[in-house]
Structure formats: structure tokens, C-alpha cells
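Notes follow once the structure below has been shown.
The values are calculated or read from the model by the stated rules, or taken from the named source; none is laboratory data. Bear in mind that the values here come from a model prediction, so they are computed numbers and not experimental data. Every residue, glycine as well, gets a Cβ built from its backbone with ideal geometry; the counts of neighbours run over all protein chains shown.
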Amino acid sequence: CCVVAQLCSTLFTCSLCVKYFIDPVTLGCGHSFCMPCLCFYWEEGQQPPRCPVCRKIAHQLNLKTNTNLRKLVFLARQKGPCDLPNPAEEICEIHKYTKNFFCKVTKDVRCLLCCMSEQQGTPRHGSLQWTAEEYRQKLLNIMRSVWKKIQENKQNLNRETNKIRTWDSYVSTWKKMKQTEYWKVFHLVYHEEKHHLEKTEEESREIFQQFKESQYNMDLKQKLLRQIYEELKELCHKPDMELIQHYENMSKRGESVQLHMPRPVVPQLSAWPIPGLVDWLNQFQVYIALDNERVTRHVPVFEDLRCVQAGPDGPGVDYTPPRSKYFLAWGAESFTSGQHYWEVDVAGCCNWAIGFCNDSWTRDSDMVLDSEGIFLLLCIRENNQCRFFTASPLSPQYVRKTLGHVGVFLDYDGGVVSFVNVARSSLICSFLSCSFSSPLKPFLCSGYP
């Protein structure tokens, strides 16, 4: 008996929690662990994920349940767990048999003869062991769902924290971009400039407060999700009778805690009209003849951007970027001096990129975001929301989505590339204090589902 108990302790227990496996998974090195224990271990450990026993790198993170080991653990559990005391057996007062069947209607235990005398129609009795295992698997399904929410909320929390860390710097740059545009028509709009910058400051404080509240709510939700996850894990390790008694209450808590997940803040600064901006830009308008037009489904700059937005995924979280059909073209003419302005109609496009790039980037099939000599405004759809980015360097732009025409202005000698919302005569963003060392070509890419 001691040998059997020792064998069970070695083969069927997790080395992390030192209890019978629940939802066992096996790594490539051959070591097995409870999936919940492994999730916690990898979440709190250093990257890359390693085996807790032999420290080998775990290359496969989307692990599947080891069904054979789960069956063996179930059989071992019936022999009597070596880490938990057996519940006291109850004897039927009528038939003097052990009560080892559970009634799912009355929620109590019966002996075999009691079950046979009451069995009519739909089966309502099951053995304690099978009922507990059934409930244990249902709890594991809830745990997987809760863990997915933990990872989702953690990713959103990290994003919110990053926004807070860079928010002041972004607002400062945003104000400088606005000031640059206002100085062009300073004598006409001095008072409006002052008013709009004050409004931007007010909006900045309001959005920053929203960030802090969102961060606080996500932090609370993260702690609550982890607490419920821990309680569900502990319940899975309880003796069968205790697990059955607390199953309904814990399953309801596990499901209810997943409701009303806090959503990340989507910051958007107002872009007020700048009087006379588009009229001033139109004096530099040029006709852009497109060259090298083609249609493709592979545009690395968008795939890179989606990877940046997806972030590192935790165990069991899949990310498959949507594929669109893209129209891609460059301007036939390059610019080496002067001021130039052109407009693009982006209405109906789900993803698009416009701006200027150097000749070497047009010849480079990689078209990656971190390339030098590209000055692009990109719009990408993420979770049914459109977001703006500039490249390079890659920076998010927190302004409202532009519908219709987008204007692109290049001041080669002044080192400025600006993007404007033509319909509203407002600024979207600008590249300031650039140093252009090579000819620049207009670039256009538009995507359709």
C-alpha cells in the first residue's frame, strides 16, 4: 500500500502544487504539470518560458490536455488520493450498503439499492467519483475561460499603463504640431490658437483621468479574476463530496466574475478647424501621377503594425490577423526641394497608408515599419475601431477617424510633412524638424476587405 501511494505521488502529482494533476499538460521535455500551475509559473517567471524541472525552453506554448494522463489520474484518485484524506463512508440505514451514488435532483448520496428503487425515466444517479470528475471538468472549462480573461485584461492593463507613461510626452508633441500649423496664419488666428490649446490641455487632463480610472478598474478586476481562479483551483483539489457541495456556488461565481470586463480607454483629442489652412495649402497643390500600380494581399508594413498591436500572447491565446486586398502605388515624380501638397480620398478604405518615402524604400520588397526615410500616416482597423499611426518611428496618433479626403503637405526645405483633414480643415499630425537626405516620392496604399 505504501509503495502504491509512493508511486501515485511520483507519477500522478504535479511537482509545482504537489497534488493530483488537474488538466495535465506535458512539455516537449517530457515533464508534466497542471495547466493552471504552469500558467501561474510562466506568468510570474522570466522569459522565455522554461520547464520548471529541467529548465529547458518550452517552444510550444499552446499546450493541449494530456488525455491519457488525465485518465490515469482519475483512476489513481479512485484508489484513494495520497495527499487528501478519504471522506468518511456513510452507510444506508435501510439497506446497510455504502452510500456511494449521488442524486443530481435531491443533491444527496444514496446506496445502490436506493438508486435502483427510485430509478424511473431519465437517469438521475451517478457514482460519487464520476459525478465529481464531471464537475471537476466543468470547473476546468470555467478556469480556462477565466484565464483567457486574465490574459486579455493583463494585455489591456499593460497598454493602458504604457499610454499613461507616454501621454504627457505625446500631448506636448501634439501641441507643438498644432503650433507649427497656427504660425502659418498667425495674424488671422492668434486668439483661436490660444483657445484651442487651452481646450487641448483640458481634454488632456480629462482623458488622463479616464486612463487612471480605467487602470484602477482593470487592476481591481485582475485581482478579482485571479482570486476566483485560485478558489476554483483549490476546489478542484478538494475531496469529492466537498467539491460537489460547493460546485454550484463556485461555478456561478466563476461565470459572473467574467461579466462587465473593463474596456480600455480610446483617447481622442479634438481637432478644431484651422481657418484658412486648406486654402493656404492649395497654393502648393501638385498633380501626382502614380507609377508601379499593383494589387496585393501582402503588405509587410500593415502586418508589422498588426503584430505590434497584438502584443505577446499568453498560453492559449491565438491571434490571426485579417487579410485584405491592397492597392499599392508610388508617385512617378520625386521631390528634392520646395513645398508640395496633394489629397487622397480614403472613404470606404478599411486600412490605408499615405505619405512620402525615399527611392530605396520603393525598391525594397520588405517595406518594414522601422525603415529610415519613410514619412507615413497609417490607418488600421482593430476590433472594429480605426486607429492612426505614423512611421517612422512608429507612433500612435490619438485623433478622430478621418472620413473623405486627407491632405498631404511636404515642405522639403523646412523639414516638415503634415497630414490634414480636408473636410474639417484641421490637422491630423505632422513630422517636425525632419532632415531629408534623399529624394522623396508620394506613397499610397489602400486596403479593402
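If the requirement is being in contact with a Phe, Trp or Tyr (Cβ under 9 Å, 6 or more places away or on another chain), at pLDDT 85 or above and closer than 16 Å to Q151 by Cα, which of these qualifies: P36, P52?
So the residue among P36, P52 that is in contact with a Phe, Trp or Tyr (Cβ under 9 Å, 6 or more places away or on another chain), at pLDDT 85 or above and closer than 16 Å to Q151 by Cα is P36.
Collect the residues in the stretch 112-131 that are within 17 Å of H237 (Cβ to Cβ) and either at pLDDT below 70 or not β-branched (V, I, T) (or both), keeping them in residue-number order.
Once the filter is applied, which keeps residues that are within 17 Å of H237 (Cβ to Cβ) and either at pLDDT below 70 or not β-branched (V, I, T) (or both), the stretch 112-131 yields L128, Q129.
What do you reckon, is F375 within 22 Å of R400 (Cβ to Cβ), at pLDDT 90 or above and either aliphatic (A, V, I, L, M) or outside the structural domain of R159 (by TED's automatic domain parsing) (or both)?
For F375, the condition - within 22 Å of R400 (Cβ to Cβ), at pLDDT 90 or above and either aliphatic (A, V, I, L, M) or outside the structural domain of R159 (by TED's automatic domain parsing) (or both) - is met.
Given K233, K184, K194, which one is in contact with a Cys (Cβ under 9 Å, 6 or more places away or on another chain), more than 19 Å from R159 (Cβ to Cβ) and not assigned by TED's automatic domain parsing to the domain that holds F419?
Matching residue, one of K233, K184, K194: K233.
Please identify the pairs in which a residue from the stretch 65-79 that is among the hydrophobic types (A, V, I, L, M, F, W, C) has its Cβ atom under 6 Å from the Cβ atom of a residue that is buried (at least 16 other Cβ atoms within 10 Å of the Cβ) and assigned to a loop (DSSP other than H, G, I, E, B), counting only partners at least 6 apart or on another chain.
Listed pairs, sorted by first residue: V73/F12; V73/F21; A76/F12.
Rundown of residues vs (1) β-branched (V, I, T); (2) at pLDDT below 75; (3) over 19 Å from Y229 (Cα atoms), yes/no style:
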{"site": "T106", "(1), (2), (3)": "yes, yes, yes"}
{"site": "R110", "(1), (2), (3)": "no, yes, yes"}
{"site": "E133", "(1), (2), (3)": "no, no, no"}
{"site": "R136", "(1), (2), (3)": "no, no, no"}
{"site": "L139", "(1), (2), (3)": "no, no, no"}
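Taking L269, is it of a type outside the set (G, A, S) and surrounded by 15 or more Cβ atoms within 10 Å (Cβ to Cβ)?
Answer is yes for this residue.
Exactly one of (1) at pLDDT 90 or above; (2) at positive phi is unmet by G276. Its number?
(1)
W272 fails exactly one of the following numbered conditions: (1) under 28 Å from V420 (Cα atoms); (2) free of Cβ contacts under 8 Å to residues at least 40 places away in the same chain. What is the number of that condition?
The one condition W272 does not meet is (2).
Which condition number does I428 fail, the rest of (1) touching a helix residue (DSSP H, G or I) at 6+ places or on another chain (Cβ under 8 Å); (2) closer than 29 Å to I207 by Cβ; (3) at pLDDT 90 or above being met?
Tallying (1) touching a helix residue (DSSP H, G or I) at 6+ places or on another chain (Cβ under 8 Å); (2) closer than 29 Å to I207 by Cβ; (3) at pLDDT 90 or above, I428 fails exactly one: (1).
Look at S371 and say whether it is farther than 23 Å from F284 by Cα and among the small types (G, A, S).
The answer is yes for S371.
Does Y229 satisfy being in contact (Cβ under 8 Å) with a residue 24 or more places away in the chain, within 24 Å of G276 (Cα to Cα), among the hydroxyl-bearing types (S, T, Y) and surrounded by 18 or more Cβ atoms within 10 Å (Cβ to Cβ)?
Answer is no for this residue.
Name every residue in the stretch 310-346 that is at pLDDT 85 or above and either part of a loop (DSSP other than H, G, I, E, B) or not assigned by TED's automatic domain parsing to the domain that holds R381 (or both), in order of residue number.
Answer for the stretch 310-346, where residues must be at pLDDT 85 or above and either part of a loop (DSSP other than H, G, I, E, B) or not assigned by TED's automatic domain parsing to the domain that holds R381 (or both): A332, E333, S334, T336, S337, G338, V346.
Somewhere in the stretch 79-96, is a residue within 30 Å of G30 (Cβ to Cβ), at pLDDT below 80 and aliphatic (A, V, I, L, M)?
Among the residues of the stretch 79-96, at least one is within 30 Å of G30 (Cβ to Cβ), at pLDDT below 80 and aliphatic (A, V, I, L, M), which makes the answer yes.
Which of the strands (runs of 3 or more DSSP E) contained wholly in the stretch 352-449 include at least 1 residues that are more than 30 Å from the chain's Cα centre (by Cα)?
Where strands (runs of 3 or more DSSP E) fall fully within the stretch 352-449 and carry at least 1 residues being more than 30 Å from the chain's Cα centre (by Cα), they are 405-411, 416-421, 426-431, 440-448.
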